[in-house]
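The values are calculated or read from the model by the stated rules, or taken from the named source; none is laboratory data. Source: prediction; values computed, not measured. Neighbour counts run over all protein chains shown; Cβ positions are idealised from the backbone, glycine included. The accessibility values were calculated without ligands, DNA or RNA, using every heavy atom of the protein model including side chains. Shrake-Rupley method; radii C 1.70, N 1.55, O 1.52, S 1.80 Å.
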Amino acid sequence: MSGSGGGRHILSILVENRFGELCRVVGLFSGRGYNIDSLCVAPTADPAFSRIILTTGGSDAIMEQILKQVGKLVRVLEVVDLNEVQHVEREMVLLIVSTRTPAERQEVLNLAGVFRAKVIDISTDAITVETTGSQEKVDALLGLLSPLGIRDLVRTGPVAIPRIGAAREAPGAAASLVVPEAESAV
Amino acid sequence: MAPMNEPNRMKAAPIAEAAPAPRPAPAVPASTTPAAPAAEVETRGAAILIESLLREGVSTIFGYPGGAILHVYDELARARDRITHVLVRHEQGAVHAAEGYARSTGQVGVVLVTSGPGATNCVTGLTNALMDSTPIVCITGQVPTHLIGNDAFQEADVVGITRPCTKYNYLVKDVRDLARVVKEAFFLARTGRPGPVVIDLPKDVTAAKTRFVYPETVSLPSYRAAGRGDPRLVRRAVGMMVAAERPVLYVGGGIVNAGAAAELLELSERLNLPVTPTLMGLGGFPSAHPLCLGMLGMHGTYAANMGVTHADLLIALGSRFDDRVTGRLKDFAPDAQVIHVDVDPSSINKNRAVEVGIVGDARLVLRQMLDCLDREVRLEGPPPRVTWWGTLRAWAAQHPYRYRRRRGVIMPQAVIEELHRLTRGEAIVTADVGQHQMWVAQYYGFKRPRQWLNSGGLGTMGYGFPAAIGAAKAHPDRTVVCVTGDGSFQMCIQEMATAVQEKVNVKVVVINNNYLGMVRQWQELFYSRTYSEVGLEWLPDFVRLAEAYHATGLRASKPEELRPVLEKGLSAPGLVVMDMIVSQEESVYPMVPAGASLREMVLDPPDDPSEEPEPRDLA
Ligand SMILES: Cc1ncc(C[n+]2csc(CCOP(=O)(O)OP(=O)(O)O)c2C)c(N)n1
Ligand SMILES: [Mg+2]
């Protein structure tokens, strides 16, 4: 595996859409002392499968173990470390910011405009903002809004998808899990 | 963290896991109901289960009945001529017995228990089987589907509890899935890296009826069991093995599981490779073979541990760099390049970064290596490696396994040596966990795979005796010896009733040191002899206890009694318990202290024979 040590990794896990399979993936992380920083799950275009996008971290050695252990799960069809693949990534955030004065309200609206965030709810003393983007963009917006007082915040954690044409050629993680010859089912 | 409730549940489930169609339980057992027109004959779940087990070639089941599994037991009564059921006395015993059956035969061991406590009692055994890669299918009764989640009587979340201690598990909610699930469970248990699979079976599913069709094939699109290794890597590995000056083959339980002993022998002989088996690998290579260095690791031989420490090439076959083998990891085989062959990709590069990692079945990969030798390398003869072998032989001669005899007391090591002599090294031997286990590993001298059954990964006291019962069920014509400790034997001692009822030929040798000896040894060495809760002051009289169970009990307390008692016990029929009163504070040597490197092994006990207490009076 290439890639630097430490750091955040986004894993894309394709799992058969069956009762209890998410638990197996998540349980593997907790059982082996690996961290999950964020987690998104939903069915794929083929409802027989679900896609799990999960962020985690660890040294190269730990990442190799995580990939192999997840890949070993009976109902996991594929696991890819998206750090090894060209990909695009988005996160959605909903947050409520306090606006005690008209000036503060205006500041939030201005910032939302600059960041192309949407205002989806508004009251005399607060605004609910929705924003979508890379984690850096989201973090930057949060940094600017937090002096006003963030009352509540919900983040989805990143979802990510390989760039068109990038997925299948990806070296590293996915390739290293290929078993040369599988025993045929009897 | 996201909540554990599966979003999956909200999605349209695939057909296979669809909600069960409620079906009323039949008033009359299905198999005796007058048949409907032939094409539409429906069978109840319980009968489907039994039929499916028969299709998988199951002839013996280890189990214990209860409410949730009653339909299956009812059906079992009808199949008595085709399936033997061994009634254990505790479900832990059922799993260990199935493990003994599986490890001694290579077939899948089958367990049948009820819901709730029946299932939770299996957890230790399942974990044990997972750690030692033993193929088990464990069928647990469950409360009826409409009561699941209700805290119903004897309900436990078995799928949840056993998720981390199985290779896979199932909750069958629809009788139409049952045959497929059984088929898949056996396939998963025995292929790839073998392991335990649980089938949780609600009572209403065993009563519901459907047409029985046993699938011919399994469809598990996401599951891959490794077969042959990557040929380029195999070629590279062979080149390295031929060229190495100081190679060592380090072989684990994977050799036994893969049935690769013959190929291993051939490869080692053709390349003149020294071989060291792990605790789980014992028997995978004949102990007395000139190429065998003896066991590796914490209580392994000096030659093996030094050999690995000085090797320039380490070839790991079906072994996993367990901490009890490697000692301090950074000093393990520090000068060696490593080739690692394993059926489990996650074992490779887990504890040790390797130069060549080959994912594959050990037997197939060894065959590939042999073919590569034939077709591409064409050696004149085995590489002599004179200097290396000279060094290894010197180490072996310098520090063989040895112990001091003490006047008037039986030495535990001597019991194992005598056992080897009397059984000519041919017995199936099981061990529990502790000092006695290590002495068997050191002194029995295993010749063949599947002759040695012990709990290596989990270290489960209580494994040995039920495992011996399981092995004896599979091998009624062979001598099965369980070497156990005065502590361990009491963990599953209730299975004496099972052994007597089944009339199995199990000979129990209790290495009775009146201590939780292995823990005592650690307290002696690492806690300046502060003995905390390791003295077994109140032991049962094992001889009379055996007699109370209608078995034979014998005792030896003096060295001159050892041989006659063993002779008599081994030749007596049925269950025999031999209580061997041995030297109490004997320790297992050599020893690599936990966390130390292999080269720091302590070879002999400190010179202080004064501590030997008087032998006890056990008249
Ligand atoms: C179920 C379980 N509990 C605790 C232990 C920890 N343990 C390891 S060895 C040992 C002592 C075993 O005593 P005994 O069976 O008499 O064997 P000895 O070491 O004396 O030969 C203990 C308590 C264990 N391995 N398994
Ligand atoms: Mg003891």
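The table below lists the values:
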{"quantity": "Residue ID - farthest from ligand 1 (Cβ to nearest atom), chosen from residues in the stretch B:501-537 that are aliphatic (A, V, I, L, M), in contact (Cβ under 8 Å) with a residue 40 or more places away in the chain and open to solvent by less than 30 Å² (accessible area, probe 1.4 Å)", "calculated": "B:Val504"}
{"quantity": "Single unsatisfied condition, B:Ala497 versus (1) away from ligand 1 (no atom under 16 Å from the Cβ); (2) in contact with a strand residue (DSSP E or B) (Cβ under 7 Å, 6 or more places away or on another chain)", "calculated": "(2)"}
{"quantity": "Failed item, numbered, when B:Ala353 is tested on (1) surrounded by fewer than 21 Cβ atoms within 10 Å (Cβ to Cβ); (2) under 25 Å from the mean Cα position of the chain (by Cα); (3) among the small types (Gly, Ala, Ser)", "calculated": "(2)"}
{"quantity": "Meets criteria (within 12 Å of ligand 1 (Cβ to nearest atom), under 27 Å from B:Leu570 (Cα atoms), open to solvent by 20 Å² or more (accessible area, probe 1.4 Å) and in contact (Cβ under 8 Å) with a residue 12 or more places away in the chain) for B:Tyr549", "calculated": "no"}
{"quantity": "Count of residues meeting criterion [facing chain A (nearest Cβ under 10 Å), open to solvent by 50 Å² or more (accessible area, probe 1.4 Å) and in a helix (DSSP H, G or I)] in the stretch B:213-244", "calculated": "2"}
{"quantity": "Pair list, Cβ under 9 Å, 6 or more apart: the stretch A:13-25 residue within 7 Å of chain B (Cβ to nearest Cβ) and closer than 11 Å to A:Ile53 by Cα, other residue surrounded by fewer than 23 Cβ atoms within 10 Å (Cβ to Cβ) and small (Gly, Ala, Ser)", "calculated": "none"}
{"quantity": "Within the stretch B:245-275, tally of residues that are aliphatic (A, V, I, L, M), out of contact with any Lys or Arg (no Cβ under 9 Å at 6 or more places or on another chain) and open to solvent by 30 Å² or more (accessible area, probe 1.4 Å)", "calculated": "1"}
{"quantity": "Qualifying residue in the stretch B:472-490 (condition: in the same structural domain as B:Gly535 (by TED's automatic domain parsing), within 16 Å of ligand 2 (Cβ to nearest atom), surrounded by fewer than 24 Cβ atoms within 10 Å (Cβ to Cβ) and touching a residue at least 12 places away in the same chain (Cβ under 8 Å))", "calculated": "yes"}
{"quantity": "Filter result (open to solvent by 20 Å² or more (accessible area, probe 1.4 Å), closer than 27 Å to B:Phe332 by Cβ and away from chain A (no Cβ under 11 Å)) within the stretch B:361-371", "calculated": "B:Arg363"}
{"quantity": "Residue among B:Thr140, B:Thr162, B:Thr127 that is outside any loop (DSSP other than H, G, I, E, B) and either at pLDDT below 95 or over 24 Å from A:Val76 (Cβ atoms) (or both)", "calculated": "B:Thr140"}
{"quantity": "Out of B:Tyr444, B:Tyr403, sole residue that is out of contact with any Gly (no Cβ under 9 Å at 6 or more places or on another chain), within 30 Å of B:Tyr515 (Cβ to Cβ) and either surrounded by fewer than 21 Cβ atoms within 10 Å (Cβ to Cβ) or in contact (Cβ under 8 Å) with a residue 12 or more places away in the chain (or both)", "calculated": "B:Tyr403"}
{"quantity": "Within the stretch B:420-445, tally of residues that are part of a strand (DSSP E or B) and hydroxyl-bearing (Ser, Thr, Tyr)", "calculated": "1"}
{"quantity": "Selection status of B:Arg599, at pLDDT 95 or above, of a type in the set (Lys, Arg) and either in a helix (DSSP H, G or I) or under 30 Å from B:Ala471 (Cα atoms) (or both)", "calculated": "no"}
{"quantity": "Tally, over the stretch B:182-205, of residues that are within 12 Å of chain A (Cβ to nearest Cβ) and over 20 Å from the mean Cα position of the chain (by Cα)", "calculated": "3"}
{"quantity": "Scan of the stretch B:448-471 for residues that are open to solvent by 10 Å² or more (accessible area, probe 1.4 Å) and either within 14 Å of chain A (Cβ to nearest Cβ) or away from ligand 2 (no atom under 16 Å from the Cβ) (or both), ordered by number", "calculated": "B:Arg448, B:Pro449, B:Arg450, B:Trp452, B:Gly456, B:Gly457, B:Leu458"}
{"quantity": "Pair list, Cβ < 7 Å and 6+ apart or interchain, from the stretch B:421-440 residues that are over 19 Å from B:Ala288 (Cα atoms) to residues that are more than 12 Å from ligand 2 (Cβ to nearest atom) and in a helix (DSSP H, G or I)", "calculated": "B:Thr430/B:Gly100; B:Thr430/B:Gly464; B:Thr430/B:Ala467; B:Thr430/B:Ala468; B:Thr430/B:Ala471; B:Ala431/B:Val440; B:Ala431/B:Gly464; B:Asp432/B:Gly464"}
{"quantity": "Residue count, the stretch A:92-109 (criterion: within 17 Å of A:Gly149 (Cβ to Cβ) and open to solvent by 50 Å² or more (accessible area, probe 1.4 Å))", "calculated": "10"}
{"quantity": "Options A:Gly7, A:Gly31; residue that is modelled with pLDDT under 95 and more than 9 Å from chain B (Cβ to nearest Cβ)", "calculated": "A:Gly7"}
{"quantity": "The stretch B:297-355: number of residues that are more than 14 Å from chain A (Cβ to nearest Cβ) and polar (S, T, N, Q)", "calculated": "6"}
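One line per residue, one yes/no per condition, for (1) farther than 30 Å from A:Ile66 by Cα; (2) surrounded by fewer than 18 Cβ atoms within 10 Å (Cβ to Cβ):
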| residue | (1), (2) |
| --- | --- |
| B:Asp342 | no, no |
| B:Ser347 | no, no |
| B:Val359 | no, no |
| B:Leu373 | yes, no |
| B:Glu376 | yes, yes |
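Table: residues versus (1) among the aliphatic types (A, V, I, L, M); (2) open to solvent by 10 Å² or more (accessible area, probe 1.4 Å); (3) in a loop (DSSP other than H, G, I, E, B).
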position: B:Leu49; (1), (2), (3): yes, no, no
position: B:Ser52; (1), (2), (3): no, no, no
position: B:Gly57; (1), (2), (3): no, yes, yes
position: B:Ile69; (1), (2), (3): yes, no, no
position: B:Tyr73; (1), (2), (3): no, yes, no
position: B:Ala77; (1), (2), (3): yes, yes, no
position: B:Arg80; (1), (2), (3): no, yes, yes
